[in-house]
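The values are calculated or read from the model by the stated rules, or taken from the named source; none is laboratory data. Bear in mind the structure is a predicted one, so any value in this text is a computation, not a measurement. When we count neighbours, we look across all protein chains shown, and the Cβ atoms used for this are built from the backbone with ideal geometry, even at glycine.
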Amino acid sequence: MRLDKYLKVSRIIKRRPVAKEVADKGRIKVNGILAKSSTDLKINDEVEIRFGNKLLTVRVLEMKDSTKKEDATKMYEIINETRIEADGEA
């Protein structure tokens with residue numbers, strides 16, 4: 001499944017165009033490698049997303065084309081969630 005679609009379906013990022021934009025700006029890594037929005041995800045991949053002042057690392061557990069709000073959190077496991085300081089260091 002494409003990275004941008006996974007982020008939307010799992011509700012990590014609410015809209016697919018926003019997920020695409022974040023990926024295209026170089027703020028997402030998959031297994032430590034900079035990822036594009038079209039990157040193909042697989043189960044057990046680690047996705048690292050850099051939001052404004054937060055670094056979120058999740059592991060892909062499930063792939064579904066659509067989910068209910070309650071089931072979306074079962075699609076991934078949060079590995080690490082870190083706040084980033086203003087000077088760029090955690």
Among (1) farther than 14 Å from M1 by Cβ; (2) outside any loop (DSSP other than H, G, I, E, B); (3) touching a Lys or Arg at 6+ places or on another chain (Cβ under 9 Å) - the single one K14 does not satisfy:
(2)
V9 vs (1) closer than 17 Å to N80 by Cα; (2) touching a Lys or Arg at 6+ places or on another chain (Cβ under 7 Å): all pass except (1)
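Condition check ((1) part of a loop (DSSP other than H, G, I, E, B); (2) of a type outside the set (D, E); (3) modelled with pLDDT of 95 or more) across all residues:
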residue	(1), (2), (3)
V47	no, yes, yes
T57	no, yes, yes
E62	yes, no, no
S66	yes, yes, no
D71	no, no, no
K74	no, yes, no
N80	no, yes, no
G88	yes, yes, no
When V22 is run through (1) in contact (Cβ under 8 Å) with a residue 12 or more places away in the chain; (2) outside any helix (DSSP H, G or I); (3) touching a strand residue (DSSP E or B) at 6+ places or on another chain (Cβ under 8 Å), the failure sits at (2)
Listed residues L55, L34; which is free of Cβ contacts under 8 Å to residues at least 40 places away in the same chain, surrounded by 14 or more Cβ atoms within 10 Å (Cβ to Cβ), farther than 19 Å from V9 by Cβ and out of contact with any Cys (no Cβ under 7 Å at 6 or more places or on another chain)?
L55
